[in-house]
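Structure record follows, encoded as structure tokens.
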Amino acid sequence: MATRALLMLREASPLTLVGVAVAAALLWLAAWTLEWAWWTPRQLDRALRAQGLKGTKYRLFTGDVRENFRINREARTKPMPIGCHDIIPRVQPMFYNVVKEYGKLSFTWFGPTPRVMIPDPELVREVLSNKFGHFGKPKASRIGKLLANGVVNHEGEKWAKHRRILNPAFHHEKIKRMLPVFSACCIEMISRWESSMSSEGVSEIDIWPEFQNLTGDVISKTAFGSSYQEGRRIFQLQAELAERLIQSFQTIFIPGYWFLPTKNNRRMREIGREICKDLHAIVGKREKAIKNGETNNDDLLGLLLESNTRQSNGKVNLGMTTEDIIEECKLFYFAGMETTSVLLTWTLIVLSMHPEWQDRAREEVLNQFGRTRPDFDSLSRLKIVTMILYEVLRLYPPVIFLTRRTYKEMELGGIKYPAGVNLLLPLLSIHHDPEIWGKDASEFNPERFSEGISNATKHQAAFFPFGWGPRICIGQNFALLEAKMALCTILQSFSFELSPSYTHAPYTVITLHPQHGAQIKLRKL
């Protein structure tokens with residue numbers, strides 16, 4: 001029988017053979033899709049429910065993604081009362097509804113993958129410490145890698161190598177040397193604001209794009225030694241890419257959808273090529289200059305290239321490739337601009353809502369510096385300013401959740417999670433939890449940090465705006481120092497309050513943004 005089938009195949013025309021191959025490929029694809037989109041999710045669902053977990057019902061391919069977008073769209077039509085910091089129902093409405101219906105330890109579906117919420121800070125710490133390497137980062141999608149595919153996405157040896165090479169560039173002493181750049185950029189922004197003042201010394205400014213410009217200028221100069229004008233195109237492209245990435249989440253789980261020539265897909269690829277082209281030119285120019293002895297290593301790119309050369313010691317496999325360096329530069333740009341601009345924007349909004357804390361911060365700054373330029377040691381001694389920044393990071397963290405994935409069966413908090421489950425670490429929810437922070441959890445009270453982070457709550461792992469453990473954000477000291485410098489420079493020059501045109505409407509585009517801008521009335525001191 002087998003011989004006859006073999007003879008028939010030999011005698012078949014090429015067209016027939018192609019048809020057989022196509023049919024076999026389609027059969028394999030159908031079987032794989034059935035297992036990925038139906039059989040595996042059903043198994044995971046049963047395994048979780050058998051242990052008492054509750055959650056939403058799985059919908060083929062997309063899970064809760066479409067419903068999440070629908071609820072988000074509805075929530076974004078309703079602004080919040082001025083002065084209200086209880087932002088979870090607006091920022092994460094589906095999460096809020098699921099917790100109300102199923103409890104804190106519940107799950108939703110991100111496509112065919114269950115996302116279990118881990119509300120206990122101690123369990124979050126265990127996951128983020130990842131001592132045994134079994135709680136890895138979920139694999140970044142092909143689309144997500146367009147935005148940035150640097151150290152934040154890597155695992156294992158590649159992550160360790162990149163982190164080892166990057167660490168020297170973010171060393172305490174190296175960041176300290178960048179303080180004059182922070183100061184110069186802040187003074188330039190203040191001068192621009194002063195020039196817009198009326199004869200009465202009053203002006204209204206949307207500080208959201210202003211702080212994006214400021215942090216873009218800072219990261220351009222500290223990372224690449226260039227001005228914001230040279231880097232502006234990259235910022236604009238990355239902002240557009242982030243918006244389009246959010247749009248694509250509705251279809252990201254349909255097999256092969258990324259390869260379809262849709263308008264959104266084509267534009268995202270085009271943006272990715274443009275960003276890489278611009279950064280390739282910057283990196284290539286710097287590498288050439290270093291070879292010719294025409295540059296120093298005072299900026300992050302120079303420090304990165306220097307560290308890469310030292311770590312590789314002439315061996316290609318020990319260092320980063322040019323493509324690796326470009327991906328890290330994309331991360332410099334996006335994370336370096338986004339984190340601090342978000343923190344500064346919400347800080348001024350909150351201090352406008354709570355003028356008594358604005359006054360206390362200004363008094364501390366003027367007592368410490370007067371009208372002179374802040375220096376590193378004095379910035380480090382600011383207590384009230386630091387308390388305010390921590391409290392803003394608690395209430396309005398730039399990133400509102402983290403995710404990890406089980407790559408084998410793992411027990412966590414008495415529950416056995418099978419391989420293939422995403423663990424959602426609800427940063428925003430933990431930061432607002434009354435059981436952890438007290439009855440005033442959703443109120444602005446910097447006093448809670450008066451004795452430092454470790455004494456702000458009984459759960460030392462309950463405050464993690466920059467992550468925790470070995471993968472804690474490498475740029476957190478950079479971001480906080482930049483934010484302190486900017487806030488001090490503003491407090492020295494202006495008092496501020498919310499404009500009547502301001503609408504309190506936090507929402508997420510990768511990070512936590514003000515949906516309708518951040519209009520502030522400035523008054524020259």
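The values are calculated or read from the model by the stated rules, or taken from the named source; none is laboratory data. In this text the structure is predicted, and so the values were computed from the model without any measurement. Glycine gets a Cβ as well: all are built from the backbone with ideal geometry, and neighbour counts include every protein chain shown.
Here are some notes:
- Taking the stretch 263-301 as the range and being touching a Leu at 6+ places or on another chain (Cβ under 8 Å) and either over 15 Å from Cys329 (Cα atoms) or not in a helix (DSSP H, G or I) (or both) as the test, the residues that pass are Met268, Arg269, Ile271, Ile290, Asn297.
- Filter pass, Leu214 being buried (at least 20 other Cβ atoms within 10 Å of the Cβ), within 22 Å of the chain's Cα centre (by Cα) and modelled with pLDDT of 90 or more: yes
- Number of residues in the stretch 64-116 that are part of a helix (DSSP H, G or I) and closer than 30 Å to Val350 by Cα equals 20.
- Summed over the stretch 487-512, the residues that are surrounded by 17 or more Cβ atoms within 10 Å (Cβ to Cβ), part of a strand (DSSP E or B) and at pLDDT below 95 give a count of 2.
- Residue in the stretch 225-237 that is among the β-branched types (Val, Ile, Thr), over 21 Å from Gln519 (Cα atoms) and crowded, with 21+ Cβ neighbours inside 10 Å present: yes
- Residue among Ile436, Ile430, Ile474 that is part of a helix (DSSP H, G or I) and closer than 25 Å to Gly336 by Cα: Ile430
- The residue pairs whose first member lies in the stretch 414-439 and is closer than 16 Å to Gln43 by Cα, whose second member is buried (at least 21 other Cβ atoms within 10 Å of the Cβ) and among the basic types (Lys, Arg), and whose beta carbons are closer than 6 Å, counting only pairs six or more residues apart or on different chains, are Asn422/Arg115.
- Unmet requirement for Ile474, which otherwise passes all of (1) under 25 Å from Ala223 (Cβ atoms); (2) in contact with a Gly (Cβ under 9 Å, 6 or more places away or on another chain): (2)
- Residue that is nearest to the chain's Cα centre (by Cα) [pool: residues in the stretch 407-427 that are of a type in the set (A, V, I, L, M, F, W, C) and not in a loop (DSSP other than H, G, I, E, B)]: Leu427
- Selection within the stretch 326-360 - more than 20 Å from Ser499 (Cβ to Cβ) and modelled with pLDDT of 90 or more: Thr339, Thr340, Leu343, Arg360
- Residue within the stretch 195-204 that is in contact (Cβ under 8 Å) with a residue 12 or more places away in the chain and in a helix (DSSP H, G or I) present: no
- Scanning the stretch 302-325 for residues that are buried (at least 19 other Cβ atoms within 10 Å of the Cβ) and not in a helix (DSSP H, G or I), we see that the one that is modelled with the lowest pLDDT is Gly319.
- Long-range neighbours under 7 Å by Cβ, at least six apart or interchain, first residue farther than 15 Å from Ser312 by Cβ within the stretch 163-174, second of a type in the set (Phe, Trp, Tyr): Phe170/Phe478
- When residues of the stretch 467-525 are limited to those that are out of contact with any Lys or Arg (no Cβ under 9 Å at 6 or more places or on another chain) and small (Gly, Ala, Ser), the one farthest from Trp208 (Cα to Cα): Gly467
- The residue of the stretch 77-110 that is surrounded by the most Cβ atoms within 10 Å (Cβ to Cβ), among those that are basic (Lys, Arg) and under 22 Å from Ser352 (Cβ atoms), is Arg90.
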